[in-house]
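The values are calculated or read from the model by the stated rules, or taken from the named source; none is laboratory data. Fair warning: this is a prediction, and the values are worked out from it, not measured in the lab. Note that we place each Cβ from the backbone using ideal geometry, even for glycine, and neighbour counts take in every protein chain shown. These accessible areas exclude ligands, DNA and RNA; they are computed on the full protein's heavy atoms, side chains included. Shrake-Rupley method; radii C 1.70, N 1.55, O 1.52, S 1.80 Å.
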Amino acid sequence: MQLQSFVSGKWQAGTRNFITLRDATTNEVIASASAEGIDFRAMLWNARNVGGPNLRELTFHERAALLKAVAKMLTEYKDEFYRLSYATGATKSDSWVDIDGGISTLFVYASKGTRELPNSRVYVDGNVELLSKTGSFVGQHICVPLEGAAVHINAFNFPVWGMLEKLAPTLLAGVPAIVKPATATSYLTEQVFRRIIDSGILPDGAIQLICGGTGDLFDHLTCQDVVSFTGSASTALKLRQHPVIMRQSVRFTAETDSLNSSILGPDAVPGTAEFDLFIKEVVREMTSKAGQKCTAIRKAIVPADRAHDVIEALRAALGKIAVGDPRLENVRMGPVASAGQRREVLDQVSKLRQEAEVVHGGDKFEVVGADADKGAFVPPTLLYCRDTSSADAIHSVEAFGPVCTVVPYANANLGEAVELARRSGGSLAGSIFTADNQVAARLVLGMAPFHGRLVVINSQCAKESTGHGSPLPHLIHGGPGRAGGGEEMGGIRGVMHYMQRTAVQGTPDVIAAVTGRWVKGGRQLDPGVHPFRKPFGDLAIGDTFNSGEREVTIEDIERFAELSGDTFYAHMDEAAAARNPLFGGRVAHGYFLVAAAAGLFVDPPYGPVLANYGIDGLRFTKPVKPGDRIKVRLTCKEKSFRPSAGHGEVRWDTEITNQNGESVASYDVLTIVSDKAIPDA
Ligand code: NDP
């Protein structure tokens with residue numbers, strides 16, 4: 001099989017200098033790859049002039065729908081991907097992380113895009129900033145898609161997840177992507193990519209693929225492009241220093257190799273649930289994907305007087321791991337990705353051995369159902385660094401395979417445990433096993449400045465915990481220093497990596513015109529009828545309803561207290577309320593004001609407003625006393641339509657004022673409004 005790249009809407013094979021790709025277990029040739037002869041400048045042109053405009057035409061919700069459709073479509077071809085994935089050395093459960101993990105990342109972004117982003121093309125970041133006395137000059141941060149290409153350079157270990165976790169936030173942002181998988185396992189990425197192209201779900205130019213090297217691609221990048229890199233620190237350093245990246249300030253984010261730690265708390269002695277959970281997790285991290293995970297535990301940091309117990313327990317568990325052909329049901333760990341990778345791992349282990357002894361693993365081990373000489377097999381290898389005082393390699397040498405070192409810390413010296421974790425110089429992930437929440441807090445706060453993600457596992461959450469090594473689309477993936485200094489995913493944060501944040505200053509009406517969101521101080525429109533009578537499509541941003549007045553009486557307060565059961569002294573006890581420094585006498589319940597305001601602004605008959613689903617940003621700004629007269633202003637602030645549902649969400653800027661025109665409460669009322677004047681039952 002000769003792999004092809006997908007360039008400017010066409011499949012294209014390389015012309016020469018083919019790299020041969022082999023099955024990690026059998027060493028049989030699977031494919032060859034080359035990207036020689038590809039016009040990389042044309043690829044960027046296609047992304048900028050075809051893919052970008054096509055994606056930017058869509059709203060966030062429309063792009064989210066594309067992600068969901070791609071995820072659904074890929075689900076149907078999972079068996080095909082699993083079959084091919086064995087060739088990478090992955091067992092079935094390794095492939096589950098890669099393939100199902102990748103597809104579920106698309107689903108999560110599709111759902112977050114619909115729930116957390118507006119059905120528009122501009123992302124409004126944060127609140128309006130008041131920049132003047134009268135409110136005629138305000139500021140607002142907005143985010144718009146970059147108008148270049150996102151170049152995704154991926155690692156060999158997750159050929160599917162690696163592509164999809166980067167594609168999801170990029171496409172949601174409205175930016176086209178050029179995907180460059182690591183050549184060694186690119187045959188699987190190519191197969192998944194082919195299915196996406198064949199489905200025709202994504203618009204033209206949205207994605208392109210390079211199977212092979214990137215040629216002169218970097219020479220043609222501009223400030224509108226983004227490079228998102230996963231791989232080794234040395235490649236990241238080289239690419240980051242590319243003159244065009246530096247000169248054009250091209251956004252460059254990196255996930256690189258990192259040495260991750262797991263700390264066993266002093267309380268987690270043998271016989272406790274947390275001790276057993278720690279052993280299980282270290283074994284899982286060493287053996288899943290044959291330890292080829294950027295988040296894998298490389299340092300098991302344990303109390304010195306427990307080191308012996310930990311080593312014995314790990315040896316016993318590792319002894320049960322069957323290594324061999326990943327296609328076999330009873331095999332728990334396959335080979336590493338290639339013979340080259342095997343050499344690299346063994347090389348790194350020999351460096352670690354200079355300061356740590358091998359306590360499990362070694363040269364002789366059984367390989368189940370495969371020829372040990374042909375496959376890239378490495379046994380689970382556990383080392384023990386008895387003397388950490390002068391050790392350095394355990395903190396700097398990453399053996400990217402089933403390798404971990406037990407590192408002791410002086411009993412109960414949490415500061416030393418933290419220091420041992422921090423000496424990796426920046427990590428993607430860390431974990432802590434303890435049932436003591438104070439120990440957890442001290443370790444988390446000590447480790448946090450050097451880690452992108454930390455997980456604390458105890459018996460209470462273990463069953464549902466996602467584990468040490470799993471990056472999740474909801475949370476950030478990335479870490480400082482050696483881990484690359486980058487950040488990916490993290491929910492909607494990840495979308496912003498592909499957008500430009502711009503501070504816009506002007507009048508409230510200018511900001512409203514830019515964002516599609518009404519701003520306080522802006523023009524209020526007369527809707528002609530009560531705005532609750534208008535179907536979704538007829539409502540205009542700025543449509544305002546001003547209510548009549550209502551006097552708040554002592555009877556109102558007492559009846560509300562009786563009805564709600566809220567007899568707090570500030571409402572009910574004149575003498576006590578008089579002593580309150582903020583009120584100086586009885587005041588109305590804040591929630592009464594909200595209820596009374598609804599009584600002032602609602603239009604009761606059946607109509608397009610289907611529901612009030614919440615209130616955002618409620619603030620009580622001034623007490624209301626018996627005898628005060630309140631009224632409400634309700635302004636249509638933002639609209640977001642859901643075509644498939646036949647209705648949309650409408651956000652109403654709401655302000656309650658008193659007889660002096662002073663604001664006493666402000667909030668956003670959230671409603672669901674039908675697109676029909678009289679919705680069908
Ligand atoms: P590399 O850094 O060699 O490769 C990573 C990616 O960069 C591949 O797609 C590779 O393509 C590409 N690449 C390499 N050189 C260039 C270049 N000059 N210009 C453009 N692209 C380039 O890492 P490996 O895949 O060999 O993995 C090595 C190490 O990376 C591992 O041992 C591990 O330490 C770390 N790693 C980190 C991960 C993380 O998520 N943080 C994940 C996986 C690995 P090609 O394959 O064609 O060379």
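Miscellaneous remarks
- Scanning the stretch 116-168 for residues that are within 16 Å of the ligand (Cβ to nearest atom) and of a type in the set (Asp, Glu) turns up just one, Glu165.
- Hey, Ala376 open to solvent by less than 30 Å² (accessible area, probe 1.4 Å), of a type outside the set (Val, Ile, Thr) and touching a Gly at 6+ places or on another chain (Cβ under 7 Å) or not: yes
- Subset of the stretch 289-312 (residues that are touching a helix residue (DSSP H, G or I) at 6+ places or on another chain (Cβ under 9 Å), open to solvent by less than 30 Å² (accessible area, probe 1.4 Å) and part of a helix (DSSP H, G or I)): Lys289, Ala290, Gly291, Val310
- Residue match in the stretch 313-328 (condition: open to solvent by less than 10 Å² (accessible area, probe 1.4 Å), away from the ligand (no atom under 16 Å from the Cβ) and in a loop (DSSP other than H, G, I, E, B)): yes
- Among the conditions (1) surrounded by fewer than 21 Cβ atoms within 10 Å (Cβ to Cβ); (2) of a type outside the set (Val, Ile, Thr); (3) part of a loop (DSSP other than H, G, I, E, B), the only one that Arg48 does not satisfy is (3).
- Residue list for the stretch 177-189, restricted to those being out of contact with any strand residue (DSSP E or B) (no Cβ under 7 Å at 6 or more places or on another chain) and more than 12 Å from the ligand (Cβ to nearest atom): Leu188
- Filtered by the rule that a residue be in a loop (DSSP other than H, G, I, E, B), within 13 Å of the ligand (Cβ to nearest atom) and open to solvent by 10 Å² or more (accessible area, probe 1.4 Å), the stretch 249-264 gives a lone residue, Asp257.
- In the stretch 307-336, the residues that are in contact with a Pro (Cβ under 7 Å, 6 or more places away or on another chain) and touching a residue at least 60 places away in the same chain (Cβ under 8 Å): Ala307, Leu318, Met333, Gly334
- Filter result (farther than 18 Å from Gln292 by Cα and either open to solvent by 30 Å² or more (accessible area, probe 1.4 Å) or out of contact with any Lys or Arg (no Cβ under 9 Å at 6 or more places or on another chain) (or both)) within the stretch 467-479: His474, Leu475, Ile476
- Between Glu416, Glu398, the distinction of being without any contact (Cβ under 8 Å) to a residue 24 or more places away in the chain, in contact with a strand residue (DSSP E or B) (Cβ under 9 Å, 6 or more places away or on another chain) and not polar (S, T, N, Q) belongs to Glu416 only.
- Lone qualifier among Gly494, Gly469 - being at pLDDT below 95, within 16 Å of the ligand (Cβ to nearest atom) and of a type outside the set (Asp, Glu): Gly469
Yes/no matrix, rows are residues, columns are (1) in contact with a Ser or Thr (Cβ under 9 Å, 6 or more places away or on another chain); (2) free of Cβ contacts under 8 Å to residues at least 12 places away in the same chain:
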{"position": "Asp225", "(1), (2)": "no, no"}
{"position": "Phe229", "(1), (2)": "yes, no"}
{"position": "Met246", "(1), (2)": "no, yes"}
{"position": "Ser261", "(1), (2)": "yes, no"}
{"position": "Phe275", "(1), (2)": "no, no"}
{"position": "Phe278", "(1), (2)": "yes, no"}
{"position": "Ser288", "(1), (2)": "yes, no"}
{"position": "Pro303", "(1), (2)": "no, no"}
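- Which listed residue, of Ala290, Ala184, Ala273, is under 30 Å from Gly361 (Cβ atoms) and modelled with pLDDT under 95: Ala184
- Residue match in the stretch 630-637 (condition: outside any strand (DSSP E or B), polar (S, T, N, Q), modelled with pLDDT of 95 or more and farther than 27 Å from Thr567 by Cβ): no
- When residues in the stretch 496-526 are screened for being hydrophobic (A, V, I, L, M, F, W, C), open to solvent by 50 Å² or more (accessible area, probe 1.4 Å) and assigned to a strand (DSSP E or B), 2 of them pass.
- Boolean, Val7 is within 15 Å of the ligand (Cβ to nearest atom) and either under 31 Å from the mean Cα position of the chain (by Cα) or surrounded by 16 or more Cβ atoms within 10 Å (Cβ to Cβ) (or both): no
- Selected residue (only one of Thr381, Thr388 is within 16 Å of the ligand (Cβ to nearest atom) and touching a residue at least 12 places away in the same chain (Cβ under 8 Å)): Thr381
- Residue tally, condition within 16 Å of the ligand (Cβ to nearest atom), open to solvent by 20 Å² or more (accessible area, probe 1.4 Å) and either assigned to a loop (DSSP other than H, G, I, E, B) or at pLDDT below 90 (or both), over the stretch 10-33: 3
- At least 2 residues being touching a Cys at 6+ places or on another chain (Cβ under 7 Å) and either open to solvent by 30 Å² or more (accessible area, probe 1.4 Å) or among the acidic types (Asp, Glu) (or both) is the threshold, and among the strands (runs of 3 or more DSSP E) wholly inside the stretch 67-155 those reaching it are 123-130.
- Helices (runs of 4 or more DSSP H) lying entirely in the stretch 361-461 (those with 1 or more residues that are farther than 23 Å from Glu255 by Cβ): 414-422, 437-447
- The single condition among (1) in a loop (DSSP other than H, G, I, E, B); (2) open to solvent by 40 Å² or more (accessible area, probe 1.4 Å) that Arg493 does not meet is (1).
- Only residues that are open to solvent by 40 Å² or more (accessible area, probe 1.4 Å) and within 11 Å of the ligand (Cβ to nearest atom) were counted across the stretch 202-232, and they come to 4.
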